[in-house]
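Step one of this worksheet: look at the structure below.
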Amino acid sequence: MIHPVALITGGTRGIGLGIAKALAGESCTLALNGVRPETEVTHVLDMLRGRGVDVQYFPADISMAEERQRLVDAVIERFGRINILVNNAGRAPSDRRDILDATPQSFRDLLDTNLVGPYFLTQLVARHMLSRDSWSDAFAGFESAASAQHTIVFVTSVSAELASVNRGEYCVSKAGLSMAARLWAVRLAEYGIPVYEVRPGIIRTDMTVPVREKYERLIADGLTLEPRWGTPDDVGRVVAALVRGDLPYATGSVLTIDGGLTVPRL
């Protein structure tokens, strides 16, 4: 049986790992990308392989053009194709500062990783997807038509819409990434490649450790309609539904996974 190949950036921790677990449950072959050495993620790879799927790790910094190309080339060389791209990798500011004190370097660093990287990685992968001579032949043997279709997912953040003045560069990068998802949805629609934006809210990961106490209080005070943290598994289940084709006729959609955080209320 041939299984679809999913390239997940930032796929060995946090939200990315939640997505990898969910796609392992869909019998996807996993091409996981990150910046850590493979020796530091071996336990994650072994855990996912224990679920009966083929998993390979491809270290690369997607903020750099040559490493994006090397990543795509390596995945195609290993598996022969990329059927699913999940643009998940991202980073928070190393030093949260009020926008009156923010630095150009921090701004550039975040945009290179959170926006420029996934924007042009999508370009590379989309070109690969469109280069196939015959989709029907290429996908012969897939378990279903839904699992055979190409799918691209951008993982953004509620910070694409909600302003946080102590991490303005992060908000700008996610707002830009939201538009990138829309642009790629428009561009690839004629080829039948759906593109979605998944917009998580407050998710319990290592990235949110520095603000955990703050959000524990806010959630207890009613910040979210569902009175709990979101989890990487919450996001993973949504991405799995998109990959399965459970949301037909919906390319370009924004799926907000935030427990009701952004529902307007009086």
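The values are calculated or read from the model by the stated rules, or taken from the named source; none is laboratory data. The structure displayed is predicted, hence computed values, not measured ones. Cβ atoms come from the backbone with ideal geometry, glycine included; neighbour counts cover every protein chain shown. With ligands, DNA and RNA removed, areas are computed over all heavy atoms of the protein, side chains included. Shrake-Rupley method; radii C 1.70, N 1.55, O 1.52, S 1.80 Å.
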I'm trying to understand the selection: among the residues of region 101-131, which are among the hydrophobic types (A, V, I, L, M, F, W, C) and either out of contact with any strand residue (DSSP E or B) (no Cβ under 8 Å at 6 or more places or on another chain) or surrounded by fewer than 21 Cβ atoms within 10 Å (Cβ to Cβ) (or both)? Ala102, Phe107, Leu110, Leu111, Leu115, Val116, Phe120, Leu124, Ala126, Met129, Leu130
In the list Tyr191, Tyr249, which residue meets the criterion of being more than 17 Å from the chain's Cα centre (by Cα), closer than 24 Å to His128 by Cβ and not basic (Lys, Arg)? Tyr191
Could you list, in sequence order, all residues of region 1-37 that are surrounded by fewer than 24 Cβ atoms within 10 Å (Cβ to Cβ), in contact with a strand residue (DSSP E or B) (Cβ under 7 Å, 6 or more places away or on another chain), not β-branched (Val, Ile, Thr) and not in a loop (DSSP other than H, G, I, E, B)? Ala24
When (1) open to solvent by less than 40 Å² (accessible area, probe 1.4 Å); (2) modelled with pLDDT under 95 are applied to Cys171, the one that fails is (2)
Boolean, Ala189 is part of a helix (DSSP H, G or I), open to solvent by 10 Å² or more (accessible area, probe 1.4 Å) and in contact with a strand residue (DSSP E or B) (Cβ under 9 Å, 6 or more places away or on another chain): yes
Would you confirm whether or not region 254-266 contains a residue that is at pLDDT 95 or above, within 17 Å of Gln149 (Cβ to Cβ), open to solvent by 60 Å² or more (accessible area, probe 1.4 Å) and under 20 Å from the mean Cα position of the chain (by Cα)? no
Considering every residue within region 212-226, establish whether at least one is at pLDDT 95 or above, farther than 30 Å from Gln123 by Cα and open to solvent by less than 20 Å² (accessible area, probe 1.4 Å). yes
For Ala181, indicate whether it is modelled with pLDDT of 95 or more and within 14 Å of the chain's Cα centre (by Cα). yes
